[in-house]
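Colleague: My structure is below; once you've seen it, I'll send some questions.
The values are calculated or read from the model by the stated rules, or taken from the named source; none is laboratory data. Source: prediction; values computed, not measured. Here the Cβ positions follow ideal geometry from the backbone for every residue, glycine too, while neighbour counts run over all protein chains shown. Heads up: the accessible areas ignore ligands, DNA and RNA and are worked out on the full protein's heavy atoms, side chains in. Shrake-Rupley method; radii C 1.70, N 1.55, O 1.52, S 1.80 Å.
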Amino acid sequence: MRIGIVLPTTVPGATGPDLAAWAQKAEAAGFDSVAVVDFPGHDGHEPLIALTLAAAVTERVELVASLVVSPLRSAESLAAQADTVDRISLGRLTVGLGLPENDVTGF
């Protein structure tokens with residue numbers, strides 16, 4: 001079994017140093033992954049940018065974007081960002097893509 005933890009990217013007031021500390025503590029505690037979710041319309045951090053920060057302060061944990069609302073971004077930009085995070089983290093990134101709630105036009 002693999003166990004991960006979600007970084008507080010959607011918690012109001014969470015700062016970059018807070019996210020970095022969570023990622024480091026998760027790795028030190030033996031968690032297998034740190035994850036982020038995309039919560040459009042809320043005062044949160046961009047998921048792939050937050051994972052870039054986590055990649056910079058960790059060495060082992062997997063980096064998981066458990067949900068990125070893909071239609072809100074250009075496909076080219078999203079692909080380039082994900083590729084960059086994956087390369088920076090030496091292949092630790094997993095990205096889950098989704099649609100906004102009640103939007104099934106893509107299927």
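Colleague: Being in contact (Cβ under 8 Å) with a residue 60 or more places away in the chain and over 10 Å from the mean Cα position of the chain (by Cα) narrows it down to one residue among 40, 71, 8, 12; which is it? Explain how you work it out, then say what you get.
Modeller: On the way: 71 fails: in contact (Cβ under 8 Å) with a residue 60 or more places away in the chain; 8 fails: in contact (Cβ under 8 Å) with a residue 60 or more places away in the chain; 12 fails: in contact (Cβ under 8 Å) with a residue 60 or more places away in the chain.
After applying the criteria, what remains is 40.
Colleague: Right, here's the next one. Can you say whether residue 51 is hydrophobic (A, V, I, L, M, F, W, C) and under 20 Å from residue 3 (Cβ atoms), as far as the supplied structure shows?
Modeller: Yes: the conditions hold for residue 51.
Colleague: Still on this structure, I have one more. Could you tell me how many of the residues in region 36-58 are open to solvent by less than 50 Å² (accessible area, probe 1.4 Å) and more than 18 Å from residue 13 (Cα to Cα)?
Modeller: 5
Colleague: Name the single residue, out of those in region 46-77 being at pLDDT below 90 and assigned to a helix (DSSP H, G or I), that is nearest to residue 26 (Cα to Cα).
Modeller: Out of the qualifying residues, it is 70.
Colleague: I'm trying to understand the selection: among the residues of region 1-45, which are among the acidic types (Asp, Glu) and not in a loop (DSSP other than H, G, I, E, B)?
Modeller: Within region 1-45, 18, 27 qualify.
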